[in-house]
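Here is the structure we will look at.
The values are calculated or read from the model by the stated rules, or taken from the named source; none is laboratory data. All of these numbers come straight from a predicted model, not from anything done at the bench. No Cβ is skipped: glycine too gets one built from the backbone with ideal geometry, and neighbour counts run over all protein chains shown. For accessibility, only protein heavy atoms count, side chains too; no ligands or nucleic acids. Shrake-Rupley method; radii C 1.70, N 1.55, O 1.52, S 1.80 Å.
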Amino acid sequence: MTTSFRPSSSCWRRSTEAFSAIQANFQLTFSTLFGGGHAGLALLDENDPLESGIDIVARPPGKQLQTISLLSGGEQTMTAVSLLFAIYQVKPSPFCVLDELDAPLDESNINRFIRILQRFLAHSQFVIITHNKRTIGMADVLYGVTMEEQGVSKMVSVKFHKAEEAVTDHRPSPLVPLSLAPVEEEEDQPHAREETLEFVMAK
């Protein structure tokens, strides 16, 4: 005996509305990260949006429009970051885990990644697994594993406190659309952070 499921009209409507919102956010976030260019999402089967695959196309500045598989490793990562935050703006999450997302990025793209990430810190807490010093430098709390003796691991935490300021958590505020200002305009600004460090060795 077989049964079939026919989605209601409300499911179709919500799916179409969410896809349209993500598509608009994706184009905006992509052009912000790359300083221009074009990106879009296309349903492979528009008659069945709930089961259809999605084709991702992107055109970084100075290049032709092509599928994401033909982009370089760094461009693929930046496109994925654009899509991630495009979805995030439609369905925000209190926590976000990024596992070495910045590994394939060069110095220029690392700066872009950090700047776009900083715009969302008021809305969510990010747990980032990274070996990049620039990404580490923007953290509020660091957790690492050290091995002082062979075969014996210890956890080390480092907390950054801004000088002469009380330590406060990020206060959530209403999520606003991403600014059209390119990330490059922020990159030349000095990184003004004065902190004290608090080291804690876990036993």
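Structural remarks
- Residue among S4, S20, S10 that alone is open to solvent by 30 Å² or more (accessible area, probe 1.4 Å), out of contact with any helix residue (DSSP H, G or I) (no Cβ under 8 Å at 6 or more places or on another chain) and at pLDDT 90 or above: S20
- Each residue in the range 86-95 was checked for being open to solvent by less than 20 Å² (accessible area, probe 1.4 Å) and at pLDDT 90 or above, and 1 of them qualify.
- Summed over the range 72-85, residues that are aliphatic (A, V, I, L, M) and open to solvent by 20 Å² or more (accessible area, probe 1.4 Å) total 3.
- Top-ranked residue of the range 58-74 - restricted to ones that are at pLDDT 85 or above and assigned to a strand (DSSP E or B), ranked as farthest from A42 (Cα to Cα): R59
- Within the range 114-152, the set of residues being at pLDDT below 90, aromatic (F, W, Y) and either under 13 Å from the mean Cα position of the chain (by Cα) or in a loop (DSSP other than H, G, I, E, B) (or both) comprises F120 only.
- Listed by first and then second residue, the pairs with beta-carbon distance under 7 Å, at least 6 apart or on different chains, first residue in the range 11-40 and free of Cβ contacts under 8 Å to residues at least 60 places away in the same chain, second among the hydroxyl-bearing types (S, T, Y) and buried (at least 18 other Cβ atoms within 10 Å of the Cβ), are F30/T79; F30/S82; G37/S31; A39/T79; A39/S82.
- Condition check for K154: under 28 Å from S31 (Cα atoms), without any contact (Cβ under 8 Å) to a residue 60 or more places away in the chain and open to solvent by 50 Å² or more (accessible area, probe 1.4 Å): no
- Restricting attention to the range 33-57, the residues that are open to solvent by 80 Å² or more (accessible area, probe 1.4 Å) and modelled with pLDDT under 85 total 3.
- Residue within the range 5-18 that is under 30 Å from I110 (Cβ atoms) and out of contact with any Ser or Thr (no Cβ under 7 Å at 6 or more places or on another chain) present: no
- Meets criteria (of a type outside the set (D, E, K, R), loosely packed, with under 12 Cβ neighbours inside 10 Å, at pLDDT below 80 and touching a strand residue (DSSP E or B) at 6+ places or on another chain (Cβ under 9 Å)) for L180: no
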